[in-house]
Each structure stands twice: as structure tokens, then as C-alpha cells.
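One structure is given here, and the rest of the page talks about it.
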């Protein structure tokens, strides 16, 4: 699968209070204002910062339903997932599947990102995701 990975696309961190978390990350890392986006299909609000070639994304669930809300409830704030940048999601997903790693269904992320989760049971517990960015970043 490594031939299909171009780098890290984004890293998600779960937070309870997006305003407070954005302020802390801005102060701590010397960053400008974050780009804010709702993702209603995932039941979250996001704030993201560009860090070189990757994004740092803060994720706040907006309700009690959905995977991000469940993860926050069960594990608390902190690291949620690492998203790997791929040129072609279909090809990368087929390659992972051929290697015996189940790939979840495709969904749309921020700015039309095409994403699919890899089964954490086959990644030694790591929450990994494949991401094809139509904007090329």
C-alpha cells in the first residue's frame, strides 16, 4: 500500500469545546484563525489549521449520536484518527482490501474530501483513514 500513500493529509483530535480548543491551539502553536466547517453527516463541527502539507483538525460532536460522539464518550478528548493522503482512493482501497484490510464505505469530508476508514482490527488498533483530496492538497 505504501506506493499509494503520498503523505499525511490530516490528523483529527476530538474536543468537547471547539472554541476553547481552537484558542488553545492557536496560542500554543502560534497559528492564525482556523477554518470552521460543520459536517452534519458526521454530527460534528470542525476547526482546522494548515500545517505544511497537512491539516490539523479539531472535531467537536454536536450531539450524542455518531462515531465521533461515541469515541469522545468512551475515550475522552484527544487523538481521533490519522488520515493518509492518496492520489486515488479507489486504487488505494482496493490495494488495502487485497492485503486483507477491510475498508469502510466511502464518505465525503470537508471540501469534498473522499475518505474511507481502514478496519482498526487490522491496523493494530490505529484509527487510519484513506483520503483523496479533489483540491490536490
Task: Helix-only CD estimate at 222 nm, as mean residue ellipticity for the chain, using -39500 (n - 2.57) per DSSP H run (n ≥ 4) - done: -6500 deg cm²/dmol
- [ ] Pull out the extension gain between residue 35 and residue 107, defined as 0.36 nm times the separation in residues minus the alpha carbon to alpha carbon distance; nm, one decimal.
- [x] 23.9 nm
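Taking 0.36 nm per residue of separation and subtracting the Cα-Cα distance, what length does fully extending residue 28 through residue 88 add?
Extra length from residue 28 to residue 88 when fully extended: 18.1 nm.
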Task: Pairwise Cα inverse-distance average, inverted: Kirkwood Rh of the chain (Å) - done: 15.4 Å
Task: Extension gain, residue 17 back to residue 64 (0.36 nm per residue minus Cα-Cα distance, nm) - done: 15.5 nm
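Computed from the coordinates by the stated procedures, all read-outs in this text should not be read as laboratory data. It should be emphasised that the depicted structure is a prediction, and the values quoted were computed from it without experimental measurement.
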